[in-house]
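Worksheet for the structure shown next.
The values are calculated or read from the model by the stated rules, or taken from the named source; none is laboratory data. Keep in mind that this is a model prediction, so the values were computed, not measured. Don't worry about glycine lacking a Cβ; one is built from the backbone with ideal geometry, like all the others, and counts go over all protein chains shown. Protein only, heavy atoms only, side chains kept; ligands, DNA and RNA dropped before computing areas. Shrake-Rupley method; radii C 1.70, N 1.55, O 1.52, S 1.80 Å.
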Amino acid sequence: MCILVLSILATIACPVFAASEPVEIRRSVEEGTEIVQVTTSLLRYTFSAAGGTMKSAFVHFASYGSTPLDAVPGWGSGAQPTLAYGVSLPFEVWLGEEDADLRAYTIETTQPTPEEAVVRIAYEGEGLRAEKAFRVGWDDLYTMDVDLHIRAPGEKIRVIVGHRPTGSGVPDLVFLYDGKTSNAPLAPGSYAQFQGLGLVGKDRVYFLRLAEGDAVPFFAVNESGHPVFGVEGTGEILLRGTLYTGRNRYVLLEKAGLAAVAPVGFFSQFLVWVMKFFEWLYHLTGNYGWAILLFTLITRIIIYPLMRNQYRSMAKMQRLAPKLQKLQEKYKDDRQTLQQQMMELYRQEKVNPLGGCLPLLLQFPILILLWQAIMYSAEQIHLSPAFLWLSDLSQPDPYYIMIVLATGAQLVQQWLTQRRMPEQPKGGAQMVGWVLPIVMALLFLSFPAGLWLYWFASTLLQIGQQMIFDLEMARETARTAKPDAPPAP
């Protein structure tokens, strides 16, 4: 039955590869300054003609348990953050001893394809020629291509990368040299290539990774007294690289070439392996719904030997129930003797009363690993094709259908389990099995739909495995009960 249900789901949910949506470009004027907003699947970038800066990189996509945030240093937290007064914004250009960029730049936008946008910011005059190009795509994972060409013959040029927060609990300022990180700038000549700098926090990363360029990092203070960090050179600066502005996701940072800035420990590395295996299943099937179903099938096959031992142990315990009840009645006033007699009975019947615990406990780490994999793969799942009525498996089911299906499957499993018992439980023991699935559904109502899909598929497969075991036990019982044939005359 469970295989039939999963086959129907798989047939209906044939992967239809997600079509990218057009990047949205909006132009406006705020307080006499031209503003350009570029919205992708995850981010909304805001560019300003005042100083030719990137004013904001607002992460509007929020998975379960997270909130929107702005990755540009200087913005506060929350769904509607505010920018601290007087902070310098990314990609200001300071010449000589300047501590601000008050120039009015021009902004042009083009769309080579509907899913891609290029923002070009330029200024020419007063001995300065600045060209800044930013390329963003609809399905880019927090990354943006950056190309800067700044010329000011004979002048010291400083390009602001960002505001440098101070105080406790602020992100760390990290420098990247030759593929290794440093908490401070290295002396010239002690490295082969300077590869970028940025801020790395627990929840967000703002980092400019340089593929080309010979600038060096610097620290300064702007006209309002706020500290800044950036890169500097003399006469001309040519930089080309990738700007990461988003959540701290190791797999996404690794794709951006920034795995070194957010190293993971042993247990986190194990989670990374699971996430990569999960992503491999997605590439194999073309749909994260199918990937979850395949992940569920693989885990159920792996733990089936343990589950089989659990079913066998439960069956033996059910057969021993009448004998255990007699012992409890006989030694109801002597608990020590009762325990001794019960252990002797288990030994004689070769039954381990704890034999069914390990498989049950093993399911919880698997559930937690999948939950974490979905959480930390939310951006990739968000950009993947829909599954059935679920447009985003990293978000809660908007119609609660998957929750009802999973809860219903658990109730069916409870009904089948009680049918196998020689003596039905009474009172509270019977009610717990029926009430627990409903309580779980109410407690985890807002969990990602992908997790509920796993639980539904896992329950169906477990029912199927129980049915297979019931057939095995029935045949075993029939062979045991069949009398020996009389000897041939």
Exercise. Given a 1.4 Å probe and the protein chains all in place, what does the accessible area of Thr143 round to, in Å² to the nearest 10?
Worked result: 30 Å²
For this session: Starting from the amide H of Asn222, placed 1.01 Å from N in the peptide plane, find each other amide H under 5 Å away whose residue is 5 or more places distant or on another chain.
Result: Val228
Exercise. What are the ³J(HN,Hα) values, in whole Hz, obtained from phi via the Karplus relation 6.51 cos²θ - 1.76 cosθ + 1.60 with θ = phi - 60°, for each residue of region 25-35 in sequence order, with x given for Gly and Pro?
Worked result: 10, 10, 10, 7, 10, 10, 6, x, 10, 6, 10
Problem set entry | Whole-percent carbon and sulfur share, accessible surface of region 150-244, 1.4 Å | 47 percent
For this session: Could you state how much accessible area Glu24 has, in square angstrom rounded to the nearest 10, with a 1.4 Å probe and all protein chains kept in place?
Result: 90 Å²
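Please compute the length gained on full extension between Arg335 and Ser77, using 0.36 nm multiplied by the number of residues separating them and subtracting their Cα-Cα distance.
Values: separation 258, 0.36 × 258 = 92.88 nm, distance 5.97 nm.
Between Arg335 and Ser77, full extension yields an extra 86.9 nm.
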Seminar exercise, completed: Per-residue accessible area, 1.4 Å probe, largest first, puts Phe229, Phe270 in the order Phe270, Phe229
Exercise. Restricting attention to the alpha-carbon atoms of region 49-138, what are Rg (one decimal) and Dmax (integer), both in Å?
Worked result: 15.6, 50
Problem set entry | From phi via Karplus (6.51, -1.76, 1.60), per-residue ³J(HN,Hα) for region 240-246 in Hz, x at Gly/Pro | 9, x, 10, 9, 9, 9, x
Exercise. Can you list the residues, at least 5 places off or on another chain, whose amide H is less than 5 Å from the amide H of Arg103, using H built in the peptide plane?
Worked result: Gly51
Problem set entry | Extension gain from Ala62 to Ser168, taking 0.36 nm per residue of separation minus the Cα-Cα distance | 35.6 nm
Seminar exercise, completed: The extension gain from Lys276 to Lys202, computed as 0.36 nm times the residue separation minus the Cα-Cα distance, is 24.5 nm
For this session: Give the calculated FRET efficiency between Leu388 and Gln418 to the nearest 0.05, with a Förster radius of 30 Å applied to their Cβ-Cβ distance.
Result: 0.45
For this session: For region 112-248, compute Rh as the Kirkwood radius over C-alpha pairs and then the Stokes-Einstein diffusion coefficient at 10 °C and 1.306 mPa s; write the answer in µm²/s, rounded to an integer.
Result: 99 µm²/s
Seminar exercise, completed: Karplus ³J(HN,Hα) for region 215-227 (6.51 cos²θ - 1.76 cosθ + 1.60, θ = phi - 60°; Hz, whole; x = Gly/Pro) runs 6, 10, x, 8, 10, 7, 10, 7, 5, 8, x, 8, x
Problem set entry | Net charge, Ser391 excluded, C-beta distance under 13 Å - Lys, Arg +1, Asp, Glu -1 | -3
For this session: Name the residues whose placed amide hydrogens come within less than 5 Å of the amide hydrogen of Gly196, ignoring near sequence neighbours (fewer than 5 apart) on the same chain.
Result: Leu176, Leu210
Problem set entry | Residues Ala260 and Ser224, FRET efficiency given R0 of 41 Å [Cβ-Cβ distance, rounded to 0.05] | 0.80
Problem set entry | Residues of region 361-414: accessible area per residue with a 1.4 Å probe, Å² | 41 Å²
Problem set entry | Of Lys255/Lys276; Lys132/Lys255; Lys132/Lys156; Lys202/Lys255; Lys55/Lys132; Lys180/Lys202, pairs whose Cα-Cα distance is over 22 Å | Lys132/Lys255
Problem set entry | At 1.567 mPa s and 4 °C, Stokes D of region 63-102 from Kirkwood alpha-carbon radius, µm² per second | 105 µm²/s
